[in-house]
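Here the structure comes first, spelled out in structure tokens, and everything after it is commentary.
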Amino acid sequence: MDFHGLPAVRWSSADGAMAVATLQGAHLVSWTPAGETEHLYLSERSPFEPGRAIRGGVPLVFPQFGERGPLAHHGFARTLPWRLVSQEEGRVTLVLESSAESRQLWPHEFALELAIAIGGKRLDMELRVRNAGDAPFSFNAALHTYLRVSDAAEVRLEGLKGTRFVDRGATATLVEARDAVTAAQPIDRVYLGAPAQTRLVDGGRGIAIVQRGFPDTVVWNPGRERTAAMADMPPDGYRHMLCVEAAAFERPVTVEAGAEWTGAQAITTRLPLPS
Ligand code: TA6
């Protein structure tokens, strides 16, 4: 299919969950769990152009996080064209292999595979990074998930109490003292060695976020002022999103020649909440 002019795949599960991913970046741009409304935030001002990052959905950060290296912000995997290699009921798999273009940016042989599975109230994303060369390489990565929320100022992200964190631009590492992290103020923070599971509470809706392989969790909401300076977000866009990202941020992951690494994030909506 075509998604705002970009080649994309749309698929569903037997029980009625639906998703759309663009081939550029293997970028999940829509996830509607069975019987639910859209669960991902996608900016209506996002560009949808070859080579330009999409604002929202689930950008895949690889092999560089943010500006921590010589590459474009968050690396090149989100802006290169991937290949759809399989599509079964509820599940698609996309692949990005090293190419002349990637070698100019990052001189390593690799194969990335992203499997995205939907069904019922659950979304599973699994990233595999295979070293196809003859020397080890290291990378940072993240599944930069933009969750759609009813009001960012009101939602609570539980499960990070006692976890070390560092704010963007800061060097000091502090420890989270709160039962719940909020986005009532702008937040751009990496929780280091984070628990595998957090829970987002949005009104009467609970969402479990579980990560595997990724040691860190990034929480981002740009707030009003930063959003105003972003050409690809509407002024009130920050109120409708919260990024909860499964990330390998603090320590780069090293993969030996011929070996592979796997990281995953699973999201389940409509958790029963205590009344
Ligand atoms: O993951 C948080 C973050 O690194 C923020 O600092 C913010 O810049 C955001 O990602 C978005 O980055 P992008 O390159 O998509 O504009």
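Read-outs throughout are calculated quantities, based only on the coordinates presented, and are distinct from any laboratory measurement. Not measured: the values here are computed from a predicted model. Here the Cβ is made from the backbone with ideal geometry for all residues, glycine too, and neighbour counts use every protein chain on show.
Values as computed for the structure displayed
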| read-out | value |
| --- | --- |
| Backbone HN-Hα couplings from phi across segment 49-62 [Karplus 6.51/-1.76/1.60, Hz, Gly and Pro as x] | 9, x, x, 10, 5, 7, 9, x, x, 10, x, 9, 8, 5 |
| Cα-based shape type of segment 184-275, given that a ≥ b ≥ c are square roots of the gyration tensor eigenvalues and the cut on a/c is 1.5 | oblate |
| For the chain: relative contact order, % (alpha-carbon pairs under 8 angstrom, 6 or more apart) | 19 percent |
| Cα gyration tensor, the chain - rounded (a/c under 1.5), prolate or oblate | rounded |
| For segment 1-106: rounded, prolate or oblate by the Cα gyration tensor [a/c cutoff 1.5] | prolate |
| Spherically averaged projected area in nm², based on the convex hull that wraps the Cα atoms of segment 1-49 | 3.5 nm² |
| Gap separating the Cα centres of segment 35-103 and segment 153-228, nearest whole Å | 22 Å |
| Length-normalised contact order for segment 11-80 - Cα pairs under 8 Å, 6+ apart - percent | 25 percent |
| HN-Hα J in Hz across segment 85-94 - Karplus 6.51, -1.76, 1.60, θ = phi - 60°, x for Gly and Pro | 9, 7, 9, 10, 4, x, 9, 10, 10, 10 |
| Residue exposure sequence - 158, 256 - by fewest surrounding Cβ within 10 Å | 256, 158 |
| Residues whose placed amide H lies under 5 Å from that of residue 249, excluding near-sequence neighbours | 216 |
| Among 174-183, 189-198, 20-29, the order from most to least packed when residues are scored by Cβ within 10 Å on average | 20-29, 189-198, 174-183 |
| Normalised contact order of segment 130-247, rounded percent, pairs of Cα under 8 Å and 6 or more residues apart | 32 percent |
| Long-range amide H partners of residue 163 with built H, under 5 Å | 176 |
